[in-house]
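**Q** Handing you this structure, nothing more for now.
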Amino acid sequence: MSFGTAEYKKRIHETKEKMAAKGIEVLLITDPANMNYLSGYDGWSFYVHQMLVIINDEDQPIWIGRGQDANGAKLTTWLYHENIIPYPDEYVQSDTRHPMDFVADILKQIGQDNRSIGVEMENYYFTAKCYEQLKLGLPNASFHDATLLVNWVRIVKSDTEIEYMKRAGKIVENAMMAGIELVNEGVRECDVAAKIFHTQIAGTPEFGGDYPAIVPLLPSGEKTSTPHLTWTDQRYKQGDTVILELAGCYKRYHSPLARTVNIGQPSDKIQTLSNIVVEGLNACLDMIKPGIACEEIEETWRKTIEKSGIIKEHRLGYAMGLNYPPDWGEHTASIRKGDKTILKPNMTFHLIPGIWLDQYGFEASESFRVTETGCETFATLPRQMFIKDGVLTKN
């Protein structure tokens, strides 16, 4: 297990407090990050239906999943083996039966079929079919939306979680520099991605890396006008701007980072944009501290860059940490106008005030934790544009 039993029990207790506040007696968790957070379960099995059941008057959760994954649950969780319940493979991707039929039958057998049941409605891994089958199989239960209930428990990290994210920060520094060093005229985009992947998984001599929830994002040239493109087998050209957004990951805990490279001297417009982004990023990091609201960070950014005439309509960042594909974000607090979430020590965010214009863009980001007096970034690389003639711009 990644954590001791005492920490898992503390997380269960905090989850049950939130369940009680919402009138939920049984919580069905299908988000693999939340399953991991409360049980330790860690396997690439989220492509089939699986679940962690939290019952308000039971000490331990129940894991329900595919039969061939049950031993994985025994190996990675703190649960008693009798609390690990596998379903037969005849339920897997079947036209005639569904894993939620099996879940409903189990809940009936243990007397939980007429209770108040919470489900994670807004969740990649909980489908409309799941919901319909549960309602069909449990007609006497009342269902409630428990979206993000556990995510909000996760938002303040333990010291061990922070240590894992610091290790992820070391890994992302290495991966970022490996990518930057390889980017150059004539090099294929896919070769840069391969080098980054290798460095992400190899980690450091002291600790290895895990697979990140998002693959390296590597838009180049005009494609830097949008943030979420990956790579091709095209070769970089002289004058190309290349954005690298990636993460280090250790025991499923992430530290994302974005930097921008130019092959040769950048144009004046790219250089100007980089200066604007870095100035705003630095201003935000300088003012972050416990007690302020997320929206105050956005306000600082907006006031810092307003002289440029550029307006960023997207959020500046988001809470992140433990997760599985397809996202390393926690889907809770966002750094944007209107988000009044108050920062507390050991909250962790990815601050990414990138700007993407019609034909070009620039990104520089930092992952940070809120400290007792300010904030601490997980990586320490220069934020300004990297130029592949060996010269760094000065901001």
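The values are calculated or read from the model by the stated rules, or taken from the named source; none is laboratory data. What you are looking at is a predicted structure, and each value in this text was computed from that prediction instead of being measured. Cβ atoms come from the backbone with ideal geometry, glycine included; neighbour counts cover every protein chain shown. Each accessible area value is taken on the protein alone, full model and side chains, heavy atoms only, with ligands, DNA and RNA left out. Shrake-Rupley method; radii C 1.70, N 1.55, O 1.52, S 1.80 Å.
**Q** So what is the calculated 222 nm ellipticity per residue for the chain, using -39500 (n - 2.57) for each DSSP H run with n of 4 or more, over all residues, to the nearest 500 deg cm²/dmol?
**A** Helix contribution divided over all residues of the chain: -10000 deg cm²/dmol.
**Q** So, counting K/R as plus one and D/E as minus one, what does the shell of residues with Cβ under 11 Å around Asn34 add up to? Intermediate results must be reported in sequence, preceding the final value.
**A** On the way: positive: Arg11, Arg154; negative: Asp31, Glu120, Glu330.
Charge balance near Asn34 sits at -1.
**Q** Work out the FRET efficiency for Tyr80 and Thr380 from their Cβ-Cβ distance, taking R0 = 56 Å, and round it to the nearest 0.05.
**A** FRET efficiency, Tyr80 to Thr380: 0.80.
**Q** Further, regarding this structure: When the convex hull of the C-alpha atoms of region 62-148 is computed, what volume per residue in Å³ does it have? Before the final figure, lay out each step's value.
**A** Values: hull volume 9.9 nm³, N = 87.
Each residue corresponds to 114 Å³ of Cα convex hull volume.
**Q** Counting only Cα atoms, I'd like the Rg/Rh figure for region 125-195, Kirkwood definition for Rh.
**A** Taking Rh as the inverse mean 1/r over Cα pairs, Rg/Rh reads 1.30.
**Q** Moving to a separate point now. What is the packing order of peptides 202-212, 234-244, taking the mean over residues of other C-beta atoms within 10 Å and listing the highest first?
**A** Going by the mean number of other Cβ atoms within 10 Å, highest first, we get 234-244, 202-212.
**Q** Find how much the distance from Lys307 to Glu58 grows on full extension, using 0.36 nm per residue of separation minus their present alpha carbon separation; answer in nm with one decimal.
**A** That works out to 83.8 nm of additional length.
**Q** Give me the compactness ratio for region 218-266, meaning the Cα radius of gyration over 2.2 N^0.38 Å.
**A** 1.30
**Q** Rounded if a/c is under 1.5, else prolate if a/b is larger than b/c, else oblate: which is region 88-137, with a ≥ b ≥ c the root eigenvalues of its Cα gyration tensor?
**A** Cα axes put region 88-137 in the oblate bin.
**Q** Mind giving me the nanometre distance, one decimal, between the label points for Glu17 and Thr371, set 7 Å out from Cα along Cα→Cβ?
**A** My value for the distance between the label points is 2.7 nm.
**Q** Next question. State the Cα centre-to-centre distance between region 161-186 and region 241-257 in whole Å.
**A** Here the answer is 7 Å between Cα centres.
**Q** For region 313-339 and region 32-102, what is the separation of their C-alpha centers, rounded to whole Å?
**A** Here the two parts' Cα centres lie 27 Å apart.
**Q** Along the positive direction of the dipole of the chain (beta-carbon charges: Lys, Arg +1; Asp, Glu -1; about the Cα centre), which of Phe378, Leu134, Tyr253 reaches farthest?
**A** It is Phe378, whose Cα lies furthest towards the positive end.
**Q** Now, a different point. In region 189-343, if every C-alpha pair distance is counted and binned at 10 Å from zero, what percent goes to each bin?
**A** Answer for region 189-343: a P(r) of 10, 32, 36, 21, 2 percent.
**Q** Here is a follow-up. Tell me, what is a quarter of the convex hull surface for the C-alpha atoms of region 174-268, in nm² with one decimal?
**A** Computing the convex hull of the Cα atoms and averaging its projections yields 6.0 nm².
**Q** Between beta-carbons, use under 13 Å as the cut-off and find the net charge around Trp356, counting Lys and Arg +1, Asp and Glu -1.
**A** Once all neighbours under 13 Å are counted, the net charge is -3.
**Q** Per the Kirkwood formula on distinct C-alpha pairs, the Rh of the chain is how many angstrom? Can you show the working numbers first?
**A** Numbers: mean 1/r = 0.0446 Å⁻¹.
One decimal place: 22.4 Å for the Kirkwood radius.
**Q** Leaving out ligands, DNA and RNA, and with a 1.4 Å probe, what % of the accessible surface on the chain is carbon or sulfur?
**A** Numbers: 8100 of 16760 Å².
C and S atoms contribute 48 percent here.
**Q** Taking the alpha carbon gyration tensor of region 1-71, what are the square roots of 5 times its eigenvalues, largest first, to the nearest whole Å?
**A** 21, 14, 10
**Q** For the chain, calculate the relative contact order in percent as a whole number, restricting contacts to Cα pairs under 8 Å that are 6 or more residues apart.
**A** 14 percent
**Q** Still on this model: Could you give the semi-axes, largest first, of the ellipsoid that matches region 288-371, computed as the square roots of 5 times the alpha carbon gyration tensor eigenvalues and rounded to whole Å? Present the calculation step by step, with values, prior to reporting the outcome.
**A** On the way: eigenvalues 96, 59, 21 Å².
With the √(5λ) rule applied to region 288-371, the semi-axes are 22, 17, 10 Å.
**Q** If you take every residue apart from Leu149 with its C-beta less than 15 Å away from the C-beta of Leu149, what net charge results, scoring Lys and Arg +1 and Asp and Glu -1?
**A** Net charge in that neighbourhood comes out at -3.
**Q** By accessible area of protein heavy atoms, probe 1.4 Å, what ranking do Asp69, Asp268 get, highest first? Can you show the working numbers first?
**A** On the way: Asp69 30, Asp268 130 Å².
The ordering from most to least exposed comes out as Asp268, Asp69.
**Q** Still on this structure, please answer the following. What's the extension gain from Thr232 to Asp286 if we count 0.36 nm per residue and subtract their Cα-Cα distance?
**A** 15.7 nm
**Q** Find the accessible area per residue for the chain; the probe is 1.4 Å, ligands and nucleic acids are left out, and the unit is Å².
**A** Accessible area per residue: 42 Å².
**Q** Which of rounded, prolate, oblate describes region 247-319, given a ≥ b ≥ c as roots of the alpha-carbon gyration tensor eigenvalues and a/c under 1.5 marking rounded, otherwise prolate only if a/b is larger than b/c? The partial results should precede the final answer.
**A** Values: a/c = 2.50, a/b = 1.14, b/c = 2.19.
Oblate shape, in that a/c is at least 1.5 and b/c is the bigger or equal ratio.
**Q** Restricting to Cα atoms and excluding each atom paired with itself, what does the Kirkwood estimate give for region 172-221 in Å?
**A** 11.3 Å
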